[in-house]
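The values are calculated or read from the model by the stated rules, or taken from the named source; none is laboratory data. Everything quoted here is computed from the prediction, not taken from an experiment. Positions of Cβ are generated from backbone atoms using ideal geometry, with glycine treated the same way; all protein chains shown enter the neighbour counts.
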Amino acid sequence: MNQLTFLPERLHRCVSLQNLTADHNLLTRFPRQLCWLQRLNHLSMAANRLTFLPLDLGRSRELQFVFVDNNVDLKGFPSYLYNKVIGCSGCGVSAQMSRGGETLSQALVDLPAEVKVMGSETENVVPLEELALRALHRIYHHASNPASTPASTPASNPASNPASTPASIPASTPASTPASTQLPPQLPPQLPPQLPPQLPPPQLPPQLPPQLLTQLPPQLPPQLLTQLPPQLPPQLPPQLPPPQLPPPQLPPQLPPQLPPQLPPPHLPPPLCLPQSLLQLLHFPLGHCHRCSQAMFTTIFPKLFPLRDTALAKVHRRTAVSFVAYCCSSHCLRTFDLQG
């Protein structure tokens, strides 16, 4: 016994938690955030002071064992726990709970403060605040999970809806000329290719007469050729070293300015709501036990006493009831605990 009075809500971040035991303490409530532990398989909170269990407790398929024995003020169990292995011996046997038999008000003791309206089978109107929160939750839930967005209906497909085919398509108008009666365009007559003009052959200079060829100066004798001075190699001017120029000073490089990043087109703008409503949007009060619609401020409860179910022979020393929490009067009327 550790004398615990509450469990931290941040415990839902332990995504790998599979077994949670908090027996023999002073716990009065179970945080609804812990219902999001998808791997939790075994939950034991026996011998505490619980008066109410969250609406979504047992919604996870992994949670199969729930033991809340000897919580004498606990009388309402979510209908999700009907097909689970539960331990409820000694629940709902306090003197206050035994008066007046089994009623819905006794099963809903210490209802969460977020609940503002409790509907019935005859009420067909859902409050505007509840409808607004459901719409916001649906928008942001599908925005954060695009894969869960439902596909478009077949009526939006023009190929599957003949009425949606536009009437201005040229192929479907009878007044248009058939393709077989259209004459091919007339091409201009082809002219023969024009060749470039032929140039006259180049005129060669006339050959000199043989009389002029004999008047050429005689060649020098070889003795004079040997008396010529030797040819010196040409002297090039000395090459000066290239002048040393200072290194060019480049301007300082500025970091590239990237355009401002816009949010993805599928994400809606951020909400400007109070912190309590934002927390409620992240962790709804519960989901409809009939259609899984998220619920925030309005519930439609329905009572199923355990003594009237098939589990009456298994759990004898107890006085509890299963409660179905629905989102509308229609779901409340059509809910079946056995199904």
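Residues of region 288-302 that are farther than 11 Å from LEU133 by Cα, over 21 Å from the mean Cα position of the chain (by Cα) and not β-branched (Val, Ile, Thr): CYS288, HIS289, ARG290, CYS291, PHE300, PRO301, LYS302. Tell me, yes or no, whether region 17-40 has at least one residue that is in contact with a Phe, Trp or Tyr (Cβ under 6 Å, 6 or more places away or on another chain), of a type in the set (Gly, Ala, Ser) and in contact (Cβ under 8 Å) with a residue 12 or more places away in the chain. No. Can you find a residue that is part of a strand (DSSP E or B), in contact with a strand residue (DSSP E or B) (Cβ under 6 Å, 6 or more places away or on another chain) and not charged (D, E, K, R) anywhere in region 86-102? Yes: one or more hits.
Among the residues of region 56-71, those identified as surrounded by fewer than 19 Cβ atoms within 10 Å (Cβ to Cβ) and either under 20 Å from SER105 (Cα atoms) or under 31 Å from the mean Cα position of the chain (by Cα) (or both) are ARG59, SER60, ARG61, GLU62, GLN64.
Remark: pairs (first residue in region 280-305, part of a loop (DSSP other than H, G, I, E, B); second residue among the small types (Gly, Ala, Ser); Cβ separation under 6 Å; 6+ apart in sequence or on different chains) = PRO284/ALA294; HIS289/SER79; HIS289/ALA324. Scanning region 5-17 for residues that are surrounded by 13 or more Cβ atoms within 10 Å (Cβ to Cβ) and either touching a strand residue (DSSP E or B) at 6+ places or on another chain (Cβ under 6 Å) or in a loop (DSSP other than H, G, I, E, B) (or both) yields a total of 3.
Residue count for region 99-143 under the criterion of being of a type in the set (A, V, I, L, M), under 19 Å from SER292 (Cα atoms) and modelled with pLDDT of 90 or more: the result is 10.
Scanning region 311-333 for residues being of a type in the set (D, E, K, R), in contact (Cβ under 8 Å) with a residue 24 or more places away in the chain and farther than 19 Å from LEU104 by Cα gives a total of 1. Restricting region 230-267 to residues that are among the hydrophobic types (A, V, I, L, M, F, W, C) and either under 30 Å from TYR140 (Cα atoms) or not in a loop (DSSP other than H, G, I, E, B) (or both) leaves a set whose member that is modelled with the highest pLDDT is LEU258.
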